[in-house]
Amino acid sequence: MTVAGPGRKVACPICLNRVLWSQTPGVVINDRGDEVPLGADDDPAIGAWRSAAVRRCPGPGSVHYVPYRYGEFGEPIVVAIVGRTNVGKSALLAAMIAQLKDTARMDDAGLEVKPLDIRLDQSYHDKILRPFLERREQFGNTQPVASLDAVTYAAEVYSRPAGRSYAVVFVDVAGEDLTSVAENTIYLQEAGALLFVVDASELPPAGAPRHVPGDPTFAFVLGRLAEQHRAAGRFIPVPASIVVAKSDLLRFDPDTPVRRWFSYQDDDRQLNTVEDESEDVYAFLVSRGAGAYLDPAHKCFDVTLHFASATNCSPVGKEYPADLFRPRRVLKPLLALLAMKGLLGTDPFERHLAPGRVAS
């Protein structure tokens with residue numbers, strides 16, 4: 001089901017100019033990097049080309065492109081991944097996208113997922129997913145993705161409960177450069193969901209709690225969004241998930257609930273436990289003096305909190321051990337965000353989340 005009418009305007013994720021979608025030309029970029037016009041949408045000869053096509057945005061700045069079907073499903077859902085460099089954002093996102101590409105798991109969740117941009121999908125698979133998930137290479141050794149500028153990945157997600165498709169794009173918000181490079185902050189203006197990543201390795205050890213200053217990128221993003229949504233009232237009307245990444249490092253700490261949640265074999269699609277997990281994560285971060293990481297829980301309208309690990313182990317040399325390596329609990333934070341955006345039905349959680357609170 002497409003919902004982009006002939007007069008519909010859609011915000012470009014690159015320049016944020018709201019463009020008239022029906023007048024945004026479709027092109028295919030050939031091997032030489034040249035644009036080849038796609039032709040009219042009703043031309044049957046271009047059907048096979050459309051999956052590899054992009055649209056050239058008429059907005060300001062240098063020439064840039066968006067996925068061909070980006071604006072056909074209503075307002076796209078832009079998921080911004082927030083956190084400092086080296087906290088595990090890219091590894092976590094790679095593990096999540098691998099789950100999105102698992103047809104059987106998505107079908108169980110009531111979703112059908114396919115790439116929104118075939119070239120971006122292939123680039124992400126070759127340069128990120130294959131080295132990381134198939135060869136178990138430490139993430140720093142992978143090649144950067146030749147993406148649509150800041151867009152890390154883009155998918156078309158059909159929701160059976162909602163009876164329609166959505167464009168879902170992922171933007172890995174820059175870490176240390178976020179507050180100094182204006183171009184990196186522009187994507188926040190269209191963020192429809194936020195994924196805040198906490199590095200478990202930076203938390204104080206059990207029995208020696210101290211105050212942790214938190215992540216300055218959290219405060220910066222929340223400040224920008226609060227200013228942008230000032231008219232909405234006290235809470236930022238953007239759903240958020242806080243993920244304690246690398247939680248495998250906490251499994252044997254005596255005062256953490258991580259062992260409980262990691263003991264479940266596969267509850268990633270069972271959202272009725274999200275609020276219990278959120279309460280456990282909240283209490284754990286407070287107990288470790290890391291309450292500063294909880295700012296999103298106090299300032300966003302709907303928030304969930306999660307323990308997760310993209311690898312389940314630490315690297316040995318430049319690789320992760322084959323007998324231990326596997327993503328753990330990485331799908332649930334993403335499903336929680338999609339649920340809060342309405343993709344999984346009207347009330348997929350056991351109880352309604354309360355504004356500005358972890359659970360009711």
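List of remarks:
- Scanning the stretch 209-224 for residues that are farther than 26 Å from Val79 by Cα and either touching a Lys or Arg at 6+ places or on another chain (Cβ under 9 Å) or part of a helix (DSSP H, G or I) (or both) yields a total of 3.
- All of Thr311, Thr256 fail the test of being touching a residue at least 24 places away in the same chain (Cβ under 8 Å), within 20 Å of Ala208 (Cα to Cα) and polar (S, T, N, Q), apart from Thr256.
Per-residue answers, yes or no, for (1) at pLDDT 95 or above; (2) outside the structural domain of Val221 (by TED's automatic domain parsing); (3) within 16 Å of the chain's Cα centre (by Cα); (4) surrounded by fewer than 18 Cβ atoms within 10 Å (Cβ to Cβ):
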site	(1), (2), (3), (4)
Ser90	no, no, yes, no
Gln122	no, no, no, yes
Ser165	yes, no, no, no
Val171	no, no, yes, no
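- Scanning the stretch 233-253 for residues that are among the small types (Gly, Ala, Ser) and free of Cβ contacts under 8 Å to residues at least 60 places away in the same chain gives a single hit, Gly233.
- Answer from Ala245, Ala283 - the residue that is in contact with a helix residue (DSSP H, G or I) (Cβ under 7 Å, 6 or more places away or on another chain) and either over 23 Å from Ile77 (Cβ atoms) or at pLDDT 95 or above (or both): Ala245
- For the residues Ile81, Ile128, the requirement of being in contact with a helix residue (DSSP H, G or I) (Cβ under 9 Å, 6 or more places away or on another chain), modelled with pLDDT of 90 or more, closer than 19 Å to Ser309 by Cα and assigned to a strand (DSSP E or B) singles out Ile81.
- Counted residues, the stretch 250-277 - those being part of a helix (DSSP H, G or I), closer than 21 Å to Leu195 by Cα and in contact with a helix residue (DSSP H, G or I) (Cβ under 8 Å, 6 or more places away or on another chain): 7
The values are calculated or read from the model by the stated rules, or taken from the named source; none is laboratory data. These numbers were taken from a predicted model, which means no experiment stands behind them. Cβ coordinates were reconstructed from backbone atoms using ideal geometry, including for glycine residues, and neighbour counts include every protein chain displayed.
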